[in-house]
Amino acid sequence: MKHLGVNIDHIATLRNARGELHPDPVNAAKFVKKVGADSITIHLREDRRHIKDIDVKKICSFRRKLPVNLEISTNQKIVDIALKYKPNYICIVPENRKEVTTEGGLNLKKNKKKIKKILSRFKKKNIRTSLFINPSIDDIKISNELDVDCVEIHTGKLANLVKSKKNFSKELTRIKKCSVEAHKLAIEVHAGHGLDYKTTKILSRIKLIKEFNIGHFVIGESIFDGFNKVIKNFKHILKK
């Protein structure tokens, strides 16, 4: 069974635009789970541009009923916050203050030692760990050396090729090969970034991908169709 994780960061972005309390990401998390999401993803960025510390605290307090996937950088203060609130899952992602959204996977070769130390801290707390990586066989192998539970493959390039109606076969093949390699090494495979209905349908044919984390498209499409319908549409795609 493929799982759907819904990223609700942009609910917080909308709230922050007015500097008030509405819409509340906590209520959004509960509602999204109620209408079919398997887990909730939130990204606590260093600049707190959307999700705030209090959001992490409140949402993680429901982690037994509402599986929480917390995306974080390798920043020590952020790591400490994650350990304090103990989400069900942790995904370590790269972070650049000037980026509009995450631009690619982690540089595992450069940050291998630092990431290994961080992962060991989460493993001691029995938190499932994941690394956000590019579709690279080398990155899969390094992830295995780091003894990670899962990898989330960055699907942004594939999504952009699909949306612009360009040939995406080469990128899709890369993702397939990485999924096979990860599976051989007993690493669970996830996919995320830039996913919409069409790209998700294409990737859902890769049976080794067990989890899809989708945010921006879900929030944007829900303005017109509502969370209930959009999430059900994705669940229907993932059941095929």
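The values are calculated or read from the model by the stated rules, or taken from the named source; none is laboratory data. The model shown is predicted, which means the values in this text are computed figures rather than measured ones. For neighbour counting, all protein chains shown are included, and Cβ atoms are generated from backbone atoms with ideal geometry for every residue, glycine included. Heavy atoms of the whole protein, side chains included, go into the accessibility calculation; ligands, DNA and RNA do not. Shrake-Rupley method; radii C 1.70, N 1.55, O 1.52, S 1.80 Å.
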Would you mind telling me which numbered condition in (1) closer than 28 Å to residue 110 by Cβ; (2) open to solvent by less than 70 Å² (accessible area, probe 1.4 Å) residue 186 fails?
(2)
Can we say residue 208 is without any contact (Cβ under 8 Å) to a residue 60 or more places away in the chain and open to solvent by 20 Å² or more (accessible area, probe 1.4 Å)?
yes
Residue that is nearest to residue 67 (Cα to Cα), among those in the range 13-43 that are modelled with pLDDT of 95 or more and of a type in the set (Val, Ile, Thr)
40
Quick one: is residue 195 touching a residue at least 24 places away in the same chain (Cβ under 8 Å) and either open to solvent by 50 Å² or more (accessible area, probe 1.4 Å) or touching a Leu at 6+ places or on another chain (Cβ under 6 Å) (or both)?
no
Residues to consider are 212, 227, 234; find the one that is within 20 Å of residue 159 (Cα to Cα), in a helix (DSSP H, G or I) and aromatic (Phe, Trp, Tyr).
234
For the range 100-158, which residues satisfy the criterion of being β-branched (Val, Ile, Thr), closer than 16 Å to residue 178 by Cβ and open to solvent by less than 50 Å² (accessible area, probe 1.4 Å)?
133, 140, 142, 148, 151, 153, 155
Kindly indicate whether any position in the range 92-102 is modelled with pLDDT of 95 or more and assigned to a strand (DSSP E or B).
yes
Please go through the range 211-237 and pick out each residue that is open to solvent by 10 Å² or more (accessible area, probe 1.4 Å) and touching a Ser or Thr at 6+ places or on another chain (Cβ under 7 Å).
213, 215, 237
Among the residues of the range 126-148, is any within 25 Å of residue 67 (Cβ to Cβ) and free of Cβ contacts under 8 Å to residues at least 24 places away in the same chain?
yes
Of the residues in the range 174-183 that are free of Cβ contacts under 8 Å to residues at least 40 places away in the same chain and either within 13 Å of residue 134 (Cα to Cα) or among the acidic types (Asp, Glu) (or both), the one that is least open to solvent (accessible area, probe 1.4 Å) is 179
Quick check on the range 184-195. Is at least one of its residues touching a Pro at 6+ places or on another chain (Cβ under 8 Å) and not basic (Lys, Arg)?
no
Test for residue 179: is it small (Gly, Ala, Ser) and within 22 Å of residue 7 (Cβ to Cβ)
yes
So, in the range 215-224, of the ones that are assigned to a helix (DSSP H, G or I) and small (Gly, Ala, Ser), which residue ends up nearest to residue 133 (Cα to Cα)?
220
So residue 108 passes all but one of these: (1) under 30 Å from residue 228 (Cβ atoms); (2) without any contact (Cβ under 8 Å) to a residue 40 or more places away in the chain. Which condition number does it fail?
(1)
Find the residue count for the range 112-152, including only residues that are over 19 Å from residue 86 (Cα atoms), of a type in the set (D, E, K, R) and not in a helix (DSSP H, G or I).
2
